[in-house]
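One structure is given below, encoded as structure tokens.
Read-outs: derived from the displayed coordinates by stated rules, not from any lab. Bear in mind that the values here come from a model prediction, so they are computed numbers and not experimental data. With ideal geometry, Cβ positions are generated from the backbone for all residues, glycine too; neighbour counts draw on all protein chains shown.
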Ligand SMILES: Nc1ncnc2c1ncn2[C@@H]1O[C@H](COP(=O)(O)OP(=O)(O)OP(=O)(O)O)[C@@H](O)[C@H]1O
Ligand SMILES: [Mg+2]
């Protein structure tokens, strides 16, 4: 084996052996003093060689330790970054040169249906099946985000990408389903309010134009038209009042600052029954059944307005000669129920879940004819939420409906 291939230890041993051979030869062939001198010089050279080698070796060892420590620090830092990115609600996907997947966080797995263990190292087209998404990433123009539908959740994702460096680019995803739903609701709301206000305004304007255009209208007709205008104006007034009530309730939902008070329900229900008799004006049979004196914790004005809406709906949607039962009772589990049952037109099953949507009316023209805005049950729903109450609706078309507000036992007091 050539000497250059030996390691440090073997070289030292070889050096020692050579010095021993040299010493033996010298002691056998030369005077003692010369032999000792040469041997000592050889030994000294060997020691210098060993010390030099050791120092070189220790420098290498120190550098290696330093390098490993730096590497460990980098690895720990990368692990920390990955851990933080894993906790993000936004999806993050890292692609490297050649568009192959290098890493992604759990949110990206959820949003885009990726499995890191399965898709690691795979190309764009193997990772994503959405053609629009692949084209966007391949085109490389990331100035604007795009919206795609999530494969797993069916939600709407806002997806954008950034070039991280020459070899990597990052794709991020954000679930914007709720945001888009709220935007749509806001648009629908504005469209509905405009529509609801435009109808009575058009009627009023039409009458005014007519009256102003003709000086010789019969005063009787003018009076009739003024009465119709008054009805339309009061419809707009009701609409604005209902909108204000809803907005107040929604703001209160957010703040929850008010302190509830004791609401004497038996008294409130008895007063409502009197209102019902007045509203019905003899067209219906109205029964009241108050079987408990229990009160509830809540906000009297809100409960009153919700209950009155249920009563006025029963009157509005029950033809003449029908029966309306208003009751206040407790259940065995301690909950208390305000309910209004009528023998009116009833509601089809598919309409029931939508009744509490703003402006939802089963029969728009019938509701409008009776002055309804379609906001009543939306207000009832908010009042119910604020009182941890359940709004229960049972109905059968042609037979009648029962609307119940069920107060939880913890809110019912003696
Ligand atoms: N007791 C009932 N019987 C049959 N249909 C009903 C009854 N109560 C409510 N509805 C249906 O639910 C719809 C929504 O009711 P809601 O109280 O929200 O609005 P509205 O009565 O039309 O107007 P308002 O805002 O003046 O209360 C009504 O338009 C009607 O179609
Ligand atoms: Mg109503």
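Mind checking Rg over Rh on the stretch 261-413, alpha carbons, Kirkwood formula for Rh? Let's see the in-between values first.
Working: Rg = 14.6 Å, Rh = 15.5 Å.
The Rg/Rh ratio comes out at 0.94.
Work out, in µm²/s and without decimals, the Stokes-Einstein translational diffusion coefficient of the stretch 93-192 at 37 °C, 0.692 mPa s, Rh from Kirkwood over C-alpha pairs. Display every interim value, and only then the final one.
Numbers: Rh = 14.4 Å.
It comes out at roughly 228 µm²/s.
Could you state the angle between the C-alpha long axis of helix 177-213 and the longest principal axis of the C-alpha atoms of the chain, as a value from 0 to 90 degrees rounded to the nearest 10?
Once rounded, the angle reads 30 degrees.
May I ask you to derive the relative contact order of the stretch 75-177, considering only C-alpha pairs under 8 Å and at least 6 residues apart, and to give it as an integer percent?
Reported as a whole number, the value is 27 percent.
Provide 262, 240, 127 in ascending order of the number of other Cβ atoms located within 10 Å of each residue's Cβ, fewest first. List each step's numbers first, then the result.
Details: 262 11, 240 14, 127 25.
Ascending Cβ contact count within 10 Å gives the list 262, 240, 127.
Treating the angle as unsigned and between 0 and 90°, give the value, to the nearest 10°, between the Cα long axis of helix 219-255 and the longest Cα principal axis of the chain.
Approximately 30 degrees, to the nearest ten.
If each of residue 115 and residue 28 carries a label point 7 Å out from its Cα toward its Cβ, how far apart are those two points in nm?
The two pseudo-label positions are separated by 7.8 nm.
Taking only Cα atoms and a 10 Å spring cutoff, compute GNM fluctuations for the chain and point out the largest among 96, 316, 73.
Per the Cα network of the chain with a 10 Å cutoff, 73 tops the list.
Once the Cα atoms of helix 376-386 and of the chain are each reduced to a long axis, what angle between those two axes, in degrees from 0 to 90 to the nearest 10, is obtained?
Computed tilt is about 50 degrees.
Could you identify which residue out of 377, 268, 43 has the top mean-square fluctuation in a GNM of the chain using Cα springs shorter than 10 Å?
Of the options given, 43 has the highest mean-square fluctuation.
Sorted from largest down, give the three principal axis spans of the alpha carbons of the chain, whole angstrom values.
On the principal axes, the chain reaches 155, 61, 35 Å in Cα extent.
Under the √(5λ) rule applied to the eigenvalues of the Cα gyration tensor, what semi-axes describe the equivalent ellipsoid of the stretch 1-108? Give them in Å, descending.
Details: eigenvalues 782, 39, 11 Å².
Equivalent ellipsoid semi-axes, largest first: 63, 14, 7 Å.
Return one quarter of the surface area of the convex hull spanned by the alpha-carbon atoms of the stretch 179-255, equal to its mean projected area, in nm². Present the calculation step by step, with values, prior to reporting the outcome.
On the way: hull surface 25.1 nm².
Averaging across all directions leaves 6.3 nm² for the Cα convex hull.
Most mobile of 70, 149, 173 per a Gaussian network model of the chain (Cα springs, under 10 Å)?
Maximum fluctuation in the GNM of the chain, among the listed residues, is at 70.
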